[in-house]
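Heads up: the structure comes next, in structure tokens.
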Amino acid sequence: MSEKLIKIILIVTGLITMLPILQFFAPEWMLQQQALAVSDDVGRLFAQHWGLVVFCMGALLVYSATYSVARRPIVTANLIQKLGLVLLLLMNWSNPALQGLHIVAVFDAICVVLYAVYLFGSGKISDAKAD
């Protein structure tokens, strides 16, 4: 994968991954948009925290687009996180309460494939010197 292409992929997927920051500030509204609901304060707190954590993961992807020394560990961490979520959602695909997360599963699965192609396809440690 070319250096230019991975930078574009990281910026685009990073910006999309950052969108759950809206859930940090407006959890009820964001959950409604995904046909999800949280019925208590603890669930709302975890939903807000999840939005903040995912925002940070997306921000790191954007950062890694321009700072190649940090790229491989950041992409690896995002691949693991997204793969874990995809697997959880696939195992619970027919759960009506999670129907609103199907689009997340598809997006994250695409990201996992792209990140794996980059990590395993480049096969060079010298990527860090590319910038």
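Starting from the stretch 98-112, keep only residues that are part of a helix (DSSP H, G or I), then list their pairs with residues that are among the small types (G, A, S) whose Cβ atoms are within a distance under 8 Å, requiring at least 6 positions of separation or different chains. What qualifies is Q99/A35; G100/A35. Note on the stretch 19-36: residues that are farther than 16 Å from H102 by Cβ and among the small types (G, A, S) total 1.
Only a single criterion out of (1) in a helix (DSSP H, G or I); (2) without any contact (Cβ under 8 Å) to a residue 12 or more places away in the chain; (3) over 11 Å from the mean Cα position of the chain (by Cα) is not satisfied by T76, namely (2). Of all residue pairs spaced 6 or more apart or on separate chains, those with beta-carbon atoms under 6 Å, a first member in the stretch 27-41 that is assigned to a helix (DSSP H, G or I) and a second member that is surrounded by 12 or more Cβ atoms within 10 Å (Cβ to Cβ) and polar (S, T, N, Q) are P27/Q48; M30/Q23. With respect to the stated conditions, L60 is in contact (Cβ under 8 Å) with a residue 40 or more places away in the chain and within 20 Å of I11 (Cβ to Cβ).
Quick check on my filter: what residues within the stretch 32-88 are among the charged types (D, E, K, R) and surrounded by fewer than 19 Cβ atoms within 10 Å (Cβ to Cβ)?
Our first condition is that a residue be among the charged types (D, E, K, R); within the stretch 32-88, this holds for 40-41, 44, 71-72, 82.
Residues satisfying the conditions are D40, D41, R44, R72.
How many residues does the stretch 63-100 contain that are small (G, A, S) and over 22 Å from L15 (Cα atoms)? Of the residues in the stretch 63-100, 2 are small (G, A, S) and over 22 Å from L15 (Cα atoms).
Considering only residues that are within 19 Å of the chain's Cα centre (by Cα) and of a type in the set (A, V, I, L, M, F, W, C), which ones fall in the stretch 27-51? Even if it seems obvious, please write down each step before you answer.
Going through the stretch 27-51, the residues within 19 Å of the chain's Cα centre (by Cα) turn out to be 27, 30-31, 33-34, 36, 46-51.
Passing the criteria: M30, L31, L36, F46, A47, W50.
Filter the stretch 1-24 down to the residues that are more than 18 Å from the chain's Cα centre (by Cα) and touching a residue at least 12 places away in the same chain (Cβ under 8 Å), then identify the one that is farthest from R71 (Cα to Cα). Among residues in the stretch 1-24 that are more than 18 Å from the chain's Cα centre (by Cα) and touching a residue at least 12 places away in the same chain (Cβ under 8 Å), the one farthest from R71 (Cα to Cα) is M1.
Laboratory data are not the source of any read-out in this text; all were calculated from the coordinates shown. Please read these numbers as outputs of a predicted model, since none were measured by experiment. Quick reminder, even Gly has a Cβ in these numbers, built from the backbone with ideal geometry, and neighbours come from all protein chains shown.
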